[in-house]
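The values are calculated or read from the model by the stated rules, or taken from the named source; none is laboratory data. Everything numeric in this text was worked out from a predicted model, so none of it was measured. Reconstructed Cβ throughout: ideal geometry from the backbone, glycine too, with neighbour counts over all protein chains shown. Please note that ligands, DNA and RNA were not included when accessible areas were found on the heavy atoms of the full protein model with its side chains. Shrake-Rupley method; radii C 1.70, N 1.55, O 1.52, S 1.80 Å.
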Amino acid sequence: MSVLGLQPVVVQALGGIFALLSLASVVVAVIGSRLSDDVRQEVVARIQSWWLMFFIFAVAMALSRNVSLAFFAFVSFMALKEYFSLVPTRRADRRVLFWAYLAIPAQYVLVAMEWYGMFIILIPVYAFLLLPMRMVLAGETRHFLRAAGITHWGLMAMVFSISHVAYLLVLPEAINPGAGGAGLVLFLVFLTQFNDVAQYCWGKLLGRNKALPTVSPGKTTEGVIGGLATTIVLAWLLAGWLTPLSTAEAIAAGALIGMAGFIGDVTISALKRDLGVKDSGSLLPGHGGILDRIDSLIYTAPLFFHFIHYLHY
Amino acid sequence: MIGILRWLFFTLLVRPVVGIVLGMNVRGREHLPKTGPAIITANHNSHLDAMVLMSLLPHRLLHRVRPVAAADYFMKGRFLSWFSTKIIGILPIARKSGAGDDPLAGCYEALEAGEILIIFPEGSRGEPERMAPFRGGVAKLARLYPDVPVAPVFMHGLGKALPRGEGLLVPFMLDIYVGPSLHGRDEDDDFLVTLREKIEVLASQHHAASWD
């Protein structure tokens, strides 16, 4: 069975996520009255946002490879815009920021062209060297280093990192004949997001010791370890189906995603704390802005990509 | 025909630009007027300010919204006057009026016809993200029409995205704060002071990171 060009395995995986979300909706509907109002509202809003993200993601994946790439480019755009709107910027840098935005289409066109050599250096080398040059042309030296650093950090996190998810889609099919690039994307995105949820649930159930009280008071050591263990088990269960990873590699990939997801989450928390904001925006009810949703992915995407790229591609 | 052009302009251009290229975080949307006559007042940073406020209102109100704008600027040339009055729907007023003419006459007609006026009391866009002194027109309208609600709005972001003198739109999220409406009947002679205070209170909720 092949739906709109998706491999059967990918359709099954999407079906699995659909079932999981349905189950979550049913569970919340049944036990909702036993939760406190705040928690219930948050969980209901989160699940609704999950449904929305799932449908957009599934439709983009099903339409065509280039639609999926455009979808990830759009995610980078929304994230970079949210970031540039949160951080302090200089009026003199308006046109510099415009050039920074142009890195998004350039980077994703490189993905579509499967030009790996240029994909991997466009932002770390060319954008890194050229944007400060554009800033020099604007002539404002006050806060120059801060502005250059802030701009490049944003490009690396929101565009370079996230574009690694897209590059998974164009990796050669022959190495992962069952599920292809779409299988790798589902594996990465599902485990990254599930790790967040598992951390939250284990933290609510068993949480005693705060993991990083000054950065993210809600995170507990028990939650992090529970999330990590859950993610490793899921990686082990899903890898044979969606990826070319061996059992040992799958367990390592699960540990990598679990740890990196936690680090990405608290890194964006530290950034928001520095800027004095709680949520990065109000795009997704219950989730804050898009930065709050992709914080873990900023870390897991390039790390998982290079892990699997080194081992198999 | 004009109605269709107008609908196309807002649906295909204004709403996608404001909603996707820029993006909005709106607080207090429930305070926006649901019907006319009403006045919406806001701080002024950019030509897009009026478009953003118009796109906050439902489609069905679009044909009744009139941004009050300077005739000397927006009525220059035939195309610009046609576009300003027919497509955007501005209500042109003379910034420097001749003796005897009441520059607000068009506003009275509009309010009496149940329309929604958008007024920028600063009068001009001025320095990006800085509020200039308010002018008295809105206070006069509130005194003459004491039952018409006047909604205070604070907007941040357009001064960065498209400030005065810049032709290049750079994407930034917009933060928009709408407060409960004031009425001329509740204020004495210091309507303008109260209105400015309300907008400043909305502005103080905003956390803006800037080095300028």
Total Lys pairs in the protein assembly as shown closer than 16 Å by alpha-carbon, pairs eight or more apart in sequence or interchain only? 8
1.4 Å probe accessible area per residue over region A:193-313, in Å²: 44
Return the single residue from A:Leu191, A:Leu23, A:Leu242 with maximal mean-square fluctuation; model: Gaussian network over chain A, springs between Cα atoms under 10 Å. A:Leu23
Add +1 for every Lys or Arg and -1 for every Asp or Glu among the other residues with Cβ under 12 Å from the Cβ of A:Lys210, and state the total. +1
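Please compute the average number of Cβ atoms from other chains found within 10 Å of each residue's Cβ in peptide A:56-63. Show your work: numbers first, answer last.
Details: counts 0, 0, 0, 0, 0, 0, 0, 0.
Mean inter-chain Cβ contacts per residue within 10 Å come to 0.
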Expressed in square angstrom to the nearest 10, the accessible area of B:Cys107 with a 1.4 Å probe stands at 0
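Order B:Met51, B:Met1, most accessible first, counting only protein heavy atoms with a 1.4 angstrom probe. Mind dumping the intermediate values first?
Numbers: B:Met51 25, B:Met1 165 Å².
Highest to lowest solvent-accessible surface, that is B:Met1, B:Met51.
How well do other chains shield peptide B:166-175, expressed as the mean number of their Cβ atoms within 10 Å of each residue Cβ? Please report the intermediate quantities before stating the final value.
On the way: counts 3, 0, 3, 2, 12, 10, 7, 12, 1, 2.
Mean shielding by partner chains, rounded to a whole number: 5.
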For A:Trp241, the accessible surface traced by a 1.4 Å probe with all protein chains present amounts, in square angstrom to the nearest 10, to 100
If you average the sequence gap of Cα pairs under 8 Å that are 6 or more apart and divide by the length of region B:62-154, what percent do you get for the contact order? 26
Pairwise burial A:B, computed as accessible area of each alone minus the pair, summed, 1.4 Å, Å²: 2200
For region A:35-63 and region B:112-184, compute the distance between their C-alpha centroids and round to whole Å. 36
Using just the C-alpha positions of the protein assembly as shown as equal point scatterers, what log10 of I(q)/I(0) does the Debye formula give at each q in 0.06, 0.09, 0.11 1/Å? -0.35, -0.76, -1.04
Cα centroid separation - region A:133-179 against region B:56-98, whole Å: 42
Determine the sum of side-chain charges near A:Leu155: Lys and Arg each +1, Asp and Glu each -1, restricted to other residues whose C-beta is under 14 angstrom from that of A:Leu155. 0
DSSP H helices in chain A with Cα extent of 20 Å or more along the helix axis and mean Kyte-Doolittle hydropathy at least -0.5? A:8-31, A:37-63, A:65-86, A:94-113, A:180-206, A:221-242, A:247-275, A:290-312
In the calculated pair distance distribution of region A:90-168, what percentage of Cα-Cα distances lie above 19 Å? 34
Accessible-area value, B:Asp186, 1.4 Å probe, nucleic acids and ligands omitted, Å²: 100
How large is ³J(HN,Hα) for each residue in region B:176-182, as worked out from phi by the Karplus curve 6.51 cos²θ - 1.76 cosθ + 1.60 (θ = phi - 60°), to whole Hz, x for Gly and Pro? 10, 10, 10, x, x, 5, 9
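Could you rank A:Asp295, B:Asp102, B:Asp188 by how accessible they are, 1.4 Å probe, largest area first?
Largest accessible area first, the list is B:Asp188, B:Asp102, A:Asp295.
Can you sort A:His143, B:His63 by 1.4 Å-probe accessible area, starting with the largest?
Details: A:His143 50, B:His63 125 Å².
Most to least solvent-accessible, the answer reads B:His63, A:His143.
Restricting to bridges with both residues inside the protein assembly as shown, how much of the DSSP beta-bridge set is antiparallel, in percent to the nearest 5?
DSSP beta bridges in the protein assembly as shown are roughly 35 percent antiparallel.
With a 1.4 Å probe and every protein chain left in place, work out the accessible area per residue of region B:133-212 in Å², rounded to a whole number.
Working: 3620 Å² over 80 residues.
Solvent-accessible surface per residue comes out at 45 Å².
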